[in-house]
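The values are calculated or read from the model by the stated rules, or taken from the named source; none is laboratory data. Computed from a predicted model, the values in this text were never measured in an experiment. Glycine also receives a Cβ, built like all others from the backbone with ideal geometry; neighbour counts cover every protein chain displayed. Remember, those area values only see protein heavy atoms, side chains included, never the ligands or the DNA or RNA. Shrake-Rupley method; radii C 1.70, N 1.55, O 1.52, S 1.80 Å.
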Amino acid sequence: MDLDLRKQRILSAVVQDYVLTAEPVGSQILVERYALGVKSATVRNELAELSERGFLRQPHTSAGRVPSDRGYRFYVNRLMPLTPLGRPEAQRIQQTLLSVESEFDAILRKTCQLLNQLTQLPAVVTSPEAPDDTRLRQVFLSPTATDKALLMLLFSTGRTEHRLLPDVALSATEALTLTSALNARLRDKPLSELRRIAQESELPPVELAGKARLWQRLVRELVQVMQSITENTPVFVEGTRSVLAQPEFRDVERLSQLFVILQERAALLELLHHEAELELAVRIGEELGRPELACFAVVSSPYFVGTRERGSIGVIGPTRMDYSVAAVSVRFLASTLSELLTQLAVSA
């Protein structure tokens with residue numbers, strides 16, 4: 001599958017020009033726009049050979065060439081420039097994430113928005129599936145109005161869950177007493193045990209005997225939260241409208257296929273799944289394993305809390321995407337997100 005240096009330069013030029021213009025690329029255009037150091041006839045012969053070897057294809061007999069999946073793959077593996085984000089841009093992104101409230105889902109949502117802004121492609125971030133050794137770090141209960149209370153749970157993964165409880169009248173002192181009792185029974189317990197412990201805690205402590213009904217309600221809320229975080233993995237998507245600017249999606253059928261995928265949680269989890277130990281995954285066209293996605297590509301990366309992989313971040317777009325921009329952006333935001341979530345988990 002190797003190519004000599006001249007073929008590599010020509011293939012790289014075809015990919016870059018096609019990404020920029022969305023128009024098939026001919027030999028004369030390459031000679032005029034790129035310093036290839038050879039005449040148009042030589043470039044034409046090289047284009048023909050690259051087509052014969054499966055790196056390029058010709059949409060129409062009289063048209064120029066466009067990259068094939070094989071051509072994109074060679075470009076990504078061997079030719080793609082990976083220019084880091086400029087320092088001012090990198091600092092702006094880091095500061096934007098640091099300014100977000102420490103609630104886990106808010107951080108993931110903002111990360112998704114930033115990735116869409118950088119790439120102009122639909123961005124996806126998966127929230128962690130909670131492992132069995134996830135621990136409940138802290139329970140908070142506080143009155144928010146005359147007849148409402150806020151229940152907040154902080155987990156060792158950095159994830160925070162909130163529940164606003166209507167028809168609950170509490171004084172600050174009562175809220176503090178309930179918070180202390182809940183933490184005494186549940187704090188630092190692993191998720192694998194929490195539901196059992198909570199369900200066995202239907203009877204309140206002696207000092208809360210007069211609050212038995214409220215205590216049982218709080219326990220039921222806790223059980224529901226734990227069931228939710230073990231069974232449902234939220235997926236955040238930003239920038240679905242971005243694809244409307246891509247010429248490929250003037251085809252209504254292609255556009256509808258993408259929108260269906262972006263609305264299916266299971267499909268997104270599958271698309272962002274990557275091999276273990278793989279820092280950055282780029283899957284192109286047929287590599288996605290689904291015929292209806294043959295004109296799409298996905299660039300994704302895992303993010304971590306400490307040394308534990310917690311989820312994935314990535315972009316979905318046409319095979320004619322700017323892979324360099326996508327790869328640099330995804331990798332940078334995955335790293336930045338990992339650092340932030342690790343800091344939050346340590347300080348929790």
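Are any of the residues in segment 283-296 open to solvent by 30 Å² or more (accessible area, probe 1.4 Å), under 19 Å from Val125 (Cβ atoms), out of contact with any Ser or Thr (no Cβ under 7 Å at 6 or more places or on another chain) and not small (Gly, Ala, Ser)?
Yes.
Could you check Val346 against (1) over 17 Å from Leu108 (Cα atoms); (2) open to solvent by 10 Å² or more (accessible area, probe 1.4 Å); (3) hydrophobic (A, V, I, L, M, F, W, C); (4) touching a Leu at 6+ places or on another chain (Cβ under 6 Å) and say which number it fails?
All conditions are met except number (4).
Go through (1) among the aliphatic types (A, V, I, L, M); (2) over 22 Å from Pro247 (Cβ atoms); (3) in contact with a Phe, Trp or Tyr (Cβ under 7 Å, 6 or more places away or on another chain) one by one and return the number of the condition Val25 breaks.
(2)
When you scan segment 44-162 for helices (runs of 4 or more DSSP H) that lie fully inside it, which ones turn up with 2 or more residues that are over 24 Å from the mean Cα position of the chain (by Cα) and surrounded by 21 or more Cβ atoms within 10 Å (Cβ to Cβ)?
69-74
Identify all residues within segment 43-65 that are at pLDDT 95 or above and closer than 18 Å to Leu20 by Cα; write none if there are none.
Across segment 43-65, the qualifying residue is only Leu56.
What is the one condition in (1) touching an Asp or Glu at 6+ places or on another chain (Cβ under 6 Å); (2) free of Cβ contacts under 8 Å to residues at least 24 places away in the same chain that Pro190 does not satisfy?
Every listed condition holds for Pro190 apart from (2).
Look through segment 181-191, keep the residues that are surrounded by 14 or more Cβ atoms within 10 Å (Cβ to Cβ) and in a helix (DSSP H, G or I), and return whichever of them is nearest to the chain's Cα centre (by Cα).
For segment 181-191, the residue satisfying everything is Leu191.
What about Ala175, is it more than 26 Å from Pro128 (Cβ to Cβ), modelled with pLDDT of 80 or more and crowded, with 18+ Cβ neighbours inside 10 Å? It would help to see each step written out before you state the result.
On the way: more than 26 Å from Pro128 (Cβ to Cβ): yes; modelled with pLDDT of 80 or more: yes; crowded, with 18+ Cβ neighbours inside 10 Å: yes.
So Ala175 passes the test.
Sort out which residues of segment 178-204 are over 16 Å from Met226 (Cα atoms), at pLDDT 85 or above and not hydrophobic (A, V, I, L, M, F, W, C), and write them in order of number.
Thr179, Ser180, listed by residue number.
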